[in-house]
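Below is one structure; the comments refer to it alone.
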Amino acid sequence: MTKIPSLIDPFERTIDYLRVSVTDRCDFRCYYCMSENMTFLPKKELLSLEELDRMCSAFIDLGVKKLRITGGEPLVRKGIMTFFDSMSRHVASGALRELTLTTNGSQLVRFAQPLWDAGVRRVNISLDTLDDAKFAKITRWGRFGQVMDGIDAAQKVGLAIKINVVALKGANDDEIHTMVEWCGQRGFDLTVIEVMPMGDLGDTDRLDQYWSLKDVRTEIETRWTLTDIPLNTGGPARYVRVEETGGRIGFITPLTHNFCESCNRVRLTCTGQLFMCLGQEDETDLRASMRDHPDSDLPLHAAIRGAIAHKPKGHDFDYSRQKIAGEMTRHMSHTGG
Ligand code: SAM
Ligand code: SF4
């Protein structure tokens, strides 16, 4: 029997989870993620759909078991279903345990069924508010009704849904109880994320947005009974069960709790740069290793192994002392959230 290879980093962490940003573009302009006037990459810089396939397949050959497609908004990339359809062969063969995506939900009416057909069973949908007017403010360009229709469509085809909420002081801090209740009623898991210092936002100040998840949890506990559950997804979330609804909440706390010791993931940008850590600048250009060798994946495999051998121990984000440390110049939409 052939042994399935695995990618192990210098801190003995097995890397079996790849997140891939397939575009830096988006149909929204969420104010904590992008500035209103973004300059996007020229389209010719992006990996083609065939190159994305080759790149992801190389990681799967090396032991990656979970693939999350993200962006930017992955579902606005032209022809993206061709890519999902081609990835479905890895799900069918059992090489890939999970093919999934993170989306703002705007295109799900159209894509929920094809995604299901390609083997996707779970989606993360980002939704920071249940208030129509607030939604328009937070996303700048988004339409709430369209996203709600998308969520309905995803649920209808049978996709399991996790709602991602970024905790934003002054924006959705008065809505957390409504969110917990709504997710409970609809049968959705909920993940609350601390805002991270990624990318220049123009006039917007990060510290004004930051709402610590310690405070979020304290607020939730004024109304709901939370029980810690030992759910380990290898990811950064700590999970609790809401006794009143039976729903789950995950807290992603890059700033108040360092989760790096169990990190199992790396991130590929839409231009083929591999980031070993969301919060460090270290990157490896895999595009060149791939393009320079059209007939063999061996140099690409070697480049991937070489990059993993330099995965850093962790990140240095810190908002303490009223200044931001560890800030990244790139936006989340570039590396993929
Ligand atoms: N467009 C898709 C979406 O919104 O789900 C996928 C890409 S988006 C960059 C992925 C996730 O990152 C979203 O849940 C978004 O809310 C989150 N995000 C974006 N900028 C962030 C930041 N500065 N800090 C924390 N989360 C952020
Ligand atoms: Fe677009 Fe997602 Fe960023 Fe919002 S969070 S601007 S939907 S990439």
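The values are calculated or read from the model by the stated rules, or taken from the named source; none is laboratory data. If you're wondering where the values come from, they're calculated on a predicted model, not measured in any experiment. Please note: Cβ atoms are built from the backbone with ideal geometry, for glycine as well, and neighbour counts cover all protein chains shown. Ligands, DNA and RNA are stripped out before the accessible areas are found, and what is left, the full protein with its side chains, is counted by its heavy atoms. Shrake-Rupley method; radii C 1.70, N 1.55, O 1.52, S 1.80 Å.
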Original post:
When residues of the stretch 174-218 are filtered for being open to solvent by 20 Å² or more (accessible area, probe 1.4 Å), within 15 Å of ligand 1 (Cβ to nearest atom) and modelled with pLDDT of 90 or more, how many remain?
Top reply: 2
Subject >> Lone unmet requirement of (1) at pLDDT 80 or above; (2) under 22 Å from the mean Cα position of the chain (by Cα); (3) not aliphatic (A, V, I, L, M) for T245 >> reply: (2)
Original post:
In the stretch 1-43, which residues are of a type in the set (S, T, N, Q) and more than 16 Å from ligand 1 (Cβ to nearest atom)?
Top reply: T2, S6, T14, N37, T39
Original post:
Mind checking which pairs have a first residue in the stretch 108-120 that is under 12 Å from F83 (Cα atoms) and a second that is of a type in the set (D, E) and open to solvent by less than 10 Å² (accessible area, probe 1.4 Å), Cβ under 8 Å, 6 or more apart or different chains?
Top reply: none
Original post:
Is it true that E50 is of a type outside the set (A, V, I, L, M, F, W, C), within 9 Å of ligand 2 (Cβ to nearest atom) and modelled with pLDDT of 95 or more?
Top reply: no
Original post:
Name the residues in the stretch 115-144 that are farther than 17 Å from C30 by Cβ and open to solvent by less than 40 Å² (accessible area, probe 1.4 Å), would you?
Top reply: L115, A118, G119, V120, V123
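For the stretch 154-170, give me each residue that is more than 15 Å from ligand 1 (Cβ to nearest atom) and under 18 Å from G184 (Cα atoms).
Once the filter is applied, which keeps residues that are more than 15 Å from ligand 1 (Cβ to nearest atom) and under 18 Å from G184 (Cα atoms), the stretch 154-170 yields Q155, K156, G158, A160.
Can you find even one residue in the stretch 97-115 that is within 24 Å of G145 (Cβ to Cβ), among the acidic types (D, E) and touching a strand residue (DSSP E or B) at 6+ places or on another chain (Cβ under 8 Å)?
Residues of the stretch 97-115 that are within 24 Å of G145 (Cβ to Cβ), as a first pass: 101-115.
Checking which are among the acidic types (D, E) leaves us with none.
Within the stretch 97-115, not a single residue is within 24 Å of G145 (Cβ to Cβ), among the acidic types (D, E) and touching a strand residue (DSSP E or B) at 6+ places or on another chain (Cβ under 8 Å).
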Original post:
Mind checking which residues of the stretch 35-57 are farther than 15 Å from T23 by Cβ and either aromatic (F, W, Y) or open to solvent by 30 Å² or more (accessible area, probe 1.4 Å) (or both)?
Top reply: E36, N37, E50, R54
Original post:
D295 passes all but one of (1) at pLDDT 95 or above; (2) of a type in the set (D, E); (3) more than 23 Å from E51 (Cβ to Cβ); which number fails?
Top reply: (3)
**OP:** Might you check whether a residue that is at pLDDT below 95, acidic (D, E) and assigned to a loop (DSSP other than H, G, I, E, B) occurs anywhere in the stretch 159-173?
**Re:** yes
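Conditions (1) on the phi > 0 side of the Ramachandran plot; (2) within 16 Å of ligand 2 (Cβ to nearest atom); (3) among the charged types (D, E, K, R), marked per residue:
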{"position": "S21", "(1), (2), (3)": "no, yes, no"}
{"position": "L41", "(1), (2), (3)": "no, yes, no"}
{"position": "E45", "(1), (2), (3)": "no, no, yes"}
{"position": "T70", "(1), (2), (3)": "no, yes, no"}
{"position": "S93", "(1), (2), (3)": "no, no, no"}
{"position": "T103", "(1), (2), (3)": "no, yes, no"}
{"position": "F111", "(1), (2), (3)": "no, yes, no"}
Original post:
List pairs: first in the stretch 23-34 and over 22 Å from L268 (Cα atoms), second open to solvent by 30 Å² or more (accessible area, probe 1.4 Å) and more than 6 Å from ligand 2 (Cβ to nearest atom), Cβ under 6 Å, 6+ apart or cross-chain?
Top reply: Y31/T204
**OP:** Would you check which residues across the stretch 154-165 are out of contact with any Phe, Trp or Tyr (no Cβ under 6 Å at 6 or more places or on another chain) and within 19 Å of K134 (Cβ to Cβ) and list them?
**Re:** N164, V165
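Would you mind stating whether I163 is more than 23 Å from W211 (Cβ to Cβ) and surrounded by 14 or more Cβ atoms within 10 Å (Cβ to Cβ)?
On the way: more than 23 Å from W211 (Cβ to Cβ): no; surrounded by 14 or more Cβ atoms within 10 Å (Cβ to Cβ): yes.
No.
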Original post:
Do we have G142 as over 30 Å from D61 (Cα atoms), within 16 Å of ligand 2 (Cβ to nearest atom), within 21 Å of the chain's Cα centre (by Cα) and assigned to a helix (DSSP H, G or I) here?
Top reply: no
